[in-house]
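Notes to accompany the following structure.
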Amino acid sequence: MSIVTVQLGQCGNQIGFEVFDALFRDSHCPQGLCSKRENEAYQASCKERFFSEEENGVPIARAVLVDMEPKVINQTLSKAAQSGRWKYGQHSCFCQKQGSGNNWAYGYSVHGPRHEESIMNLIRKEVEKCDSLSGFFIIMSMAGGTGSGLGAFVTQNLQDQYSHSLKMNQIIWPYGTGEIIVQNYNSILTLSHLYRSSDALLVHENDAVHKICAKLMNIKQISFSDINQVLAHQLGSVFQPTYSAEGSFHYRRNPLGDLMENLVPHPEFKMLGVRNIPQMSENSLAYSTFTWAGLLKHLRQMLISNAKMEEGIDWQVRPPVSRLPTLGKMSLNKELHFNTSIANLLILRGKDVHSADLGGFKDPALYTSWLEPVNAFNVWKTQRSFNKYEKSAALVTNSQFLVKPLDKIVGKAWNMFASKAYVHQYTKFGIEEEDFLDSFTLLEQVVSSYCNL
């Protein structure tokens, strides 16, 4: 089954390119550490998901590119074409001459309705090229105007027109120090609208990815391209093919459906995060060896202590001895030391993958009391290695990891809203104060639900 990717705004288009490039390069890597037949099946499965029929021997990404300024889309198209490996379709882009000025309301209320027909037509044409549609993968940021405002509008339209297809939004969480003065407004409006129309939100925090580039990849001058390559690696480690069942050598057909089934047991909880291990520069990789026991021990501690990478993990954090229900709402001010999970999906790739001991992730103490580990924990495997790593693991988690950042963004936005700062820039494009209040209410409920796990 195929996934149609919708790349929105500068951020969405730049990340989208890196994701397709990472997927293609990995699936055509000769060092897959598996048999030729297995490698060919892996390649075919990746191609069916993300690329459509070749044009002059060059695969075409199953993607629609949308931005309100032409510069980034033109750069993205030419980078893909110059790679010589794959390219975007000739008629898969929509861009205009005027951006959204970092204003969510402008993207949502002006650009959205004005260009709805053109954008939805492009998506429809892309869907028609799929023999079978698994769903939509929508890449966007939530700080600016086009990715966030137009992204929320397009997701809502996809929900209306393709209600039976799954929608996963990959969202870039802005730097805490802030790039844009109204980023907290844009963020709460984006999140609250997506919570109503998307099936899952896969969140990457810019601050966390920046740290990975600095500490693990040893990059001195970190560019957006470096950050996007780390993101693409993490997304590839989730979406590349894995076996459909233990002992089977058939690749899973419906990755989005399986992902949602494993990770989103209730519509109140749809925030997903990704942890990867190992992540390092190629120079370091040459001198490193890994065991599954070592990798999984670190990954489990990253999960329970809410660490984004294997460096600087707090090893003091332990699961609570008994999962007695907490009385009343757990205070946010009380440090959320232990990161309780609703559901976890572990994806293992590489040598001796079937020998990995997963007992640590099946401990009931890791999960909320209303789900048994047998339902809350799943594992996907393949012997085919990923991106030059002999052994690698990715953990997609639905847990409390976002409670603090979300509470912080809602708090900052509320402080601005209480003094009516910049609100007029939104009301003049039809977003009323009532819309802000609805967003605050919905997101405070999300924070409360995750706190009470």
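The values are calculated or read from the model by the stated rules, or taken from the named source; none is laboratory data. Since this is a predicted model, take the numbers as computed values, not measurements. All Cβ positions, glycine included, derive from the backbone under ideal geometry; neighbour counts span all protein chains shown. Remember, those area values only see protein heavy atoms, side chains included, never the ligands or the DNA or RNA. Shrake-Rupley method; radii C 1.70, N 1.55, O 1.52, S 1.80 Å.
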Problem set entry | Pairs with Cβ under 6 Å, 6+ apart, first in region 162-174 and in the same structural domain as residue 196 (by the TED database), second modelled with pLDDT under 95 and of a type in the set (Asp, Glu) | 173/205
Problem set entry | Residue identified as of a type in the set (A, V, I, L, M) and surrounded by fewer than 21 Cβ atoms within 10 Å (Cβ to Cβ) among 395, 437 | 437
Exercise. What number of residues in region 413-453 are closer than 15 Å to residue 191 by Cα and charged (D, E, K, R)?
Worked result: 3
Exercise. In the set 101, 112, 144, which member is under 16 Å from residue 8 (Cα atoms), open to solvent by 20 Å² or more (accessible area, probe 1.4 Å) and out of contact with any His (no Cβ under 9 Å at 6 or more places or on another chain)?
Worked result: 101
Exercise. Condition test on residue 117, is it free of Cβ contacts under 8 Å to residues at least 12 places away in the same chain and in a helix (DSSP H, G or I)?
Worked result: yes
Problem set entry | Qualifying positions in region 360-375 - open to solvent by less than 40 Å² (accessible area, probe 1.4 Å) and either within 23 Å of residue 310 (Cα to Cα) or in contact with a His (Cβ under 7 Å, 6 or more places away or on another chain) (or both) | 360, 361, 365, 366, 367
Exercise. Just one of 215, 211 is in contact (Cβ under 8 Å) with a residue 60 or more places away in the chain, open to solvent by 50 Å² or more (accessible area, probe 1.4 Å), charged (D, E, K, R) and within 17 Å of residue 172 (Cβ to Cβ); which is it?
Worked result: 211
Exercise. Got at least one residue in region 152-161 being at pLDDT 95 or above, open to solvent by 20 Å² or more (accessible area, probe 1.4 Å) and of a type in the set (Asp, Glu)?
Worked result: yes
Exercise. Taking residue 274 and the conditions (1) of a type outside the set (Phe, Trp, Tyr); (2) in contact with a strand residue (DSSP E or B) (Cβ under 7 Å, 6 or more places away or on another chain); (3) closer than 21 Å to residue 133 by Cβ, which numbered condition does it fall short on, given that it satisfies the others?
Worked result: (3)
For this session: Can you confirm whether region 405-414 contains a residue that is in contact with a Leu (Cβ under 7 Å, 6 or more places away or on another chain) and open to solvent by 70 Å² or more (accessible area, probe 1.4 Å)?
Result: no
For this session: Give the number of residues within region 346-370 that are in contact with a helix residue (DSSP H, G or I) (Cβ under 8 Å, 6 or more places away or on another chain) and assigned to a helix (DSSP H, G or I).
Result: 7
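Condition check ((1) closer than 22 Å to residue 101 by Cα; (2) in contact with a helix residue (DSSP H, G or I) (Cβ under 9 Å, 6 or more places away or on another chain); (3) free of Cβ contacts under 8 Å to residues at least 40 places away in the same chain; (4) in a helix (DSSP H, G or I)) across all residues:
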| position | (1), (2), (3), (4) |
| --- | --- |
| 396 | no, yes, no, no |
| 422 | yes, yes, no, no |
| 443 | no, yes, no, yes |
| 448 | no, no, no, yes |
Exercise. Does residue 191 meet the test of being more than 18 Å from residue 66 (Cα to Cα), aliphatic (A, V, I, L, M), touching a strand residue (DSSP E or B) at 6+ places or on another chain (Cβ under 9 Å) and surrounded by 24 or more Cβ atoms within 10 Å (Cβ to Cβ)?
Worked result: yes
